[in-house]
Amino acid sequence: MNIVERAKKVMPGGVSSPVRALTAVNGEPLFTSHATGPFLIDISGKRYIDLCMSFGPLILGHAHPDIVKAIQSAAARGTSYGTSTEFEVDLAEKIVKNTGVDWVRFVNSGTEALMSAIRLARGITHRDIIIKFEGCYHGHADSLLVKAGSGLSTFGISSSNGVPEGVSRDTIVLQLGDYDQLIRTFEQYGDKIAAVLIEGIPANNGLLIQDSKFMHEIQNNCNKYGAIFILDEVITGFRIGMGGAAEFYNLQPDIITYGKVIGGGLPVGAYGGKSEYMQYIAPLGNVYQAGTLSGNPLAMAAGNKMLDIIHDNDIYGKLEYLAKYFENGLTSEFNDNNIPLSYIRIGSIGWIVLENNQLPQTPKDIPKIAVDRFNTFHPLALQHGIYLPPSAYEVMFLSTAHTPEILDKVITTLASFGDYIE
Ligand SMILES: *Cc1c(COP(=O)(O)O)cnc(C)c1O
């Protein structure tokens, strides 16, 4: 029995998270043995250039020696205490200093951060309704596995079986960039809306770059109607700059959620905000939220080391250089080989759309032909030792470990696939 068969015998789809099954791109789960810098090495010893990078956390590449050392040294001192540690204070201080939130609460995943942030917003406002946008992903909490309803109703319907109707009914799903719909929804339900959530830069359904004006429209409506503005920076936090999307768009969100980069590759989430809001959380307030392994010393050690390295080196300048190099190379090679491409990018987050002249701002704008082409590209790339994100709707993440030579290899390899696509 090979590993895929063994895995499928004991784990649903053989995976611990659905997109890893590679179903969308006609593949099978990849079983990694180890990873280093920009490379994944599978259990047969085949090496891949990784353009997914664990979906975002690994901004310095796989197994960065200093982060590994920090985790090893923390592990040798005990893996969990059930008490506070200095590591947590250090990491919280770094987040506070760079983002403008007053207080931070650590949890174990982005999902937990969003779930807790919503409970907090509801606890503060004594309101139930939350607003999210079609095409934004905020983890898998029940109230967020909701898509836009049909017809005139803006109230959501669940996008997963197992989500109670009563839960999805409290989530309104709006279209990104639709000012009218946003304003009308506030006019109609303003005194019942607890929170509006949006990704710092929507990057879970392709990279749907929003206008700054729209982000401010959300913030202004929240302020006007007393709703909590939750900016989900699980991807963008410390990825597009120290101050994330809040800084990029000059926003002052009430609550910000974090994950991915701040964990240095270990399971971490966090939410933070103004103290006037965060004081509602237990033990200070009556919004309950807890975690046996929250603030885990290994995870905090990794996160601290990650933010120290980011802070002490010009990593965003370096990433911008590499990302621009990749964008230019890919665009010109694809053009020379008559492969349709729009490369959408913010810093080291990039998205391949295999059709010309596209700049999608909503899921509806994504051309289906580009998705079909990507699904053809993916298995070819895999054969040639390149691990693209496992869906046309997943973005790519570059790291400081992706050298120009490695990026050249990716560019020339991908540009050789022209004959295989329509
Ligand atoms: C990844 C992600 C989440 C969920 O984080 P998990 O750690 O996977 O639970 C939430 N929001 C955004 C924007 C994300 O990209």
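The values are calculated or read from the model by the stated rules, or taken from the named source; none is laboratory data. Just so you know, these numbers come straight off a predicted model, no measurement behind them. Note that we place each Cβ from the backbone using ideal geometry, even for glycine, and neighbour counts take in every protein chain shown. Accessible surface is based on the protein model in full, side chains and every heavy atom, while ligands, DNA and RNA are left aside. Shrake-Rupley method; radii C 1.70, N 1.55, O 1.52, S 1.80 Å.
Structure data summary
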| read-out | value |
| --- | --- |
| Heavy-atom accessible area per residue - the chain, 1.4 Å, Å² | 43 Å² |
| Share of Cα-Cα pairs in region 159-240 lying beyond 21 Å, as whole percent | 35 percent |
| Semi-axes of the equivalent ellipsoid for region 114-154, Cα gyration tensor, largest first, Å | 20, 14, 7 |
| Gain upon complete extension [residue 318, residue 15; 0.36 nm per residue less C-alpha separation] | 105.7 nm |
| Where a label projected 7 Å from the Cα of residue 252 along Cα→Cβ would reach, residues of region 70-112 with amide N under 19 Å | 96-104 |
| Cα gyration tensor shape of region 324-422, rounded if a/c is under 1.5, else prolate or oblate by comparing a/b with b/c | rounded |
| Given charges at beta-carbon only (K, R positive; D, E negative), |dipole| of region 92-193 in Debye | 220 debye |
| The chain: DSSP helices with Cα axial extent of at least 18 Å and average Kyte-Doolittle hydropathy no lower than -1.0 | 86-99, 110-125, 297-312, 315-336, 368-383 |
| Ranking by accessible area, most exposed first, for 41, 59 with a 1.4 Å probe | 41, 59 |
| Per residue, the convex hull volume that the Cα atoms of the chain enclose (Å³) | 148 Å³ |
| Under 5 Å, built H, 5+ apart or other chain: amide partners of residue 396 | 350, 351, 352 |
| With every protein chain in place, the chain: carbon and sulfur % of accessible area (1.4 Å) | 50 percent |
| Of every Cα-Cα pair in region 238-340, the percent that sits beyond 17 Å | 68 percent |
| Solvent-accessible surface (1.4 angstrom probe) belonging to residue 145, in square angstrom, nearest 10 | 40 Å² |
| Farthest toward positive dipole pole in region 104-217 [+1 Lys/Arg, -1 Asp/Glu at C-beta], among 110, 174, 185 | 110 |
| Förster radius 35 Å - calculated FRET efficiency between residue 97 and residue 43, Cβ distance, rounded to 0.05 | 0.25 |
| Inter-probe distance in nm under a simple model that places probes 7 Å from Cα toward Cβ, at residue 364 and residue 184 | 1.2 nm |
| Positive-end residue of 130, 164, 140, charge dipole of region 68-190 with Cβ unit charges | 140 |
| Kirkwood hydrodynamic radius of region 6-73, from inverse mean 1/r over distinct Cα pairs, in Å | 13.4 Å |
| Potential lengthening between residue 292 and residue 160 on full extension [0.36 nm per residue; Cα-Cα distance subtracted] | 44.7 nm |
| Gain upon complete extension [residue 8, residue 308; 0.36 nm per residue less C-alpha separation] | 104.0 nm |
| Long-range HN-HN contacts of residue 199 with modeled amide H, under 5 Å | 232 |
| Point-charge dipole on Cβ atoms (K/R +1, D/E -1) for the chain, about Cα centre, debye to 20 | 820 debye |
